[in-house]
Ligand code: AKB
């Protein structure tokens, strides 16, 4: 059996940082090559093999794949929803062409397996909002959502036509204490914890009642590793799987924080990201992921809030 040798592209980002640590525990430090456009996270850079790489440069990726005899690529580099609206052309270029590069490497037989993250952003204003199904109306209205939906179509196409083993999850908003989010609409749910501890107050750029699907990072990493380790015959969906853990609005997370910090207050000043949030589902039906490859989440709003506050308090000491 061939040894698994991993390349993570975008290893210094919010998910990449935690994924790098977990994959190094699973496959061994030397077997996980982290890479990013710059040395943006010192922990990732110093904790094992690291390469500076541009996700838009096919030759650089191919070279790394050959030199390190890579079997599995996790393509985590992307512009998220907020940033993508400010730079549509670059977002489209990065989000699509980096995907084509790894799909084409797999098509050429140079790598065996790809993980590519999709998002709840593939849904749009015409999608039923509650308990959004795996198969439903999908008319994304953001640059990021359009790129993720197109990416899903290409993943399924490369699987069906060329036999490429590409696996994908539609991540909800992800919340973690050890890595910062970058340019997303759901970022408020991370910022709020930092401000609750430092200032005891938070001004939310999302309005009080806007409910979005969310997940604690440990669950997201567990799901990512689990889908990559699933037997190919168990995977029935080759575009991307719906994935869910919890759904809440800013007023709900504020109330959860107030149980630990009673003096905490929240105010609301919605900005351009409110429109993005309004176009996304409030909750997600992930029964296909649960049935096909045994996905289940561990963290809900209460347990996640406690873990976030405990860990951030330790960091601040
Ligand atoms: C974002 O807010 O852009 C991301 C996402 C839901 O994909 N966190």
| Contour excess over end-to-end distance, with Cα ends at residue 83 and residue 150 and 0.36 nm allotted per residue | 22.3 nm
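Which value at 222 nm does the chain reach when only helices count, each DSSP H run of 4 or more adding -39,500 (n - 2.57), with the total divided by all residues and rounded to the nearest 500 deg cm²/dmol?
On the way: 12 runs with 137 residues, N = 317.
About -13000 deg cm²/dmol.
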| Could you state the number of Å between the C-alpha centres of segment 232-298 and segment 142-167? | 22
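For a Förster distance of 41 Å, can you work out the FRET efficiency between the beta-carbons of residue 133 and residue 162, rounded to the nearest 0.05? Before the final figure, lay out each step's value.
Working: r = 28 Å, r/R0 = 0.68.
For R0 = 41 Å, the calculated efficiency reads 0.90.
If you average 1/r over all unlike Cα pairs in segment 69-228 and invert the result, what Kirkwood radius do you get in angstrom? Don't skip to the end; give the middle numbers.
Details: mean 1/r = 0.0590 Å⁻¹.
With all distinct Cα pairs of segment 69-228 included, I get 16.9 Å.
Efficiency by 1/(1 + (r/R0)^6): what FRET value for residue 3 and residue 180, r their Cβ-Cβ distance, R0 = 45 Å, to the nearest 0.05? Each step should come with its number before you reach the end.
Working: r = 33 Å, r/R0 = 0.73.
In this case the efficiency is close to 0.85.
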| said: Give me the percent relative contact order of segment 223-317, please, defined on Cα pairs under 8 angstrom at least 6 residues apart. | reply: 45
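Mind checking the full-extension length gain between residue 316 and residue 200? Use 0.36 nm per residue of separation minus the Cα-Cα distance, one decimal, nm.
Working: separation 116, 0.36 × 116 = 41.76 nm, distance 1.43 nm.
Here the segment from residue 316 to residue 200 would lengthen by 40.3 nm.
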| remark: Counting only DSSP beta bridges with both partners in the chain, the antiparallel fraction in percent, to the nearest 5, comes to 10
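Which of the peptides 21-27, 68-74 is most tightly packed, and how do the rest follow, going by the mean number of other Cβ atoms within 10 Å of each residue?
On the way: 21-27: 17.6, 68-74: 21.1.
Taking the mean over residues of other Cβ atoms within 10 Å, the ranking is 68-74, 21-27.
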| request: Project the alpha carbons of segment 241-317 onto their principal axes and report the range along each, largest first, in whole Å. | output: 43, 32, 20
| query | Ratio of Rg to Rh for segment 4-48, alpha carbon only, Kirkwood? | reply | 0.91
| message | On the principal axes of its Cα set, how long, how wide and how thick is segment 183-250? Give whole Å, largest value first. | response | 50, 22, 20
| field | Calculated over segment 1-139: convex hull of Cα atoms, volume per residue (Å³) | value | 142
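Using the C-alpha gyration tensor of segment 169-317, what are the square roots of 5 times its eigenvalues, in whole angstrom, with the largest one first?
Working: eigenvalues 166, 62, 29 Å².
Here the semi-axes work out to 29, 18, 12 Å.
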| message | Just to be sure I understand the curve: with the Debye formula and one point per C-alpha of the chain, what is log10 I(q)/I(0) at q = 0.09 Å⁻¹? | response | -0.43
| task | Can you tell me how much longer the chain between residue 260 and residue 52 gets when fully stretched, taken as 0.36 nm per residue apart minus their C-alpha distance, in nm with one decimal? | result | 70.7 nm
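Tell me the relative contact order for segment 91-149 as a rounded percent, counting alpha carbon contacts under 8 Å between residues six or more apart. Before the final figure, lay out the partial values.
Values: 56 pairs, mean separation 21.5, N = 59.
37 percent.
Coordinate-derived values only; no laboratory data. Just so you know, these numbers come straight off a predicted model, no measurement behind them. FYI the Cβ positions are ideal-geometry reconstructions off the backbone, even for glycines, and counts take in every protein chain you see.
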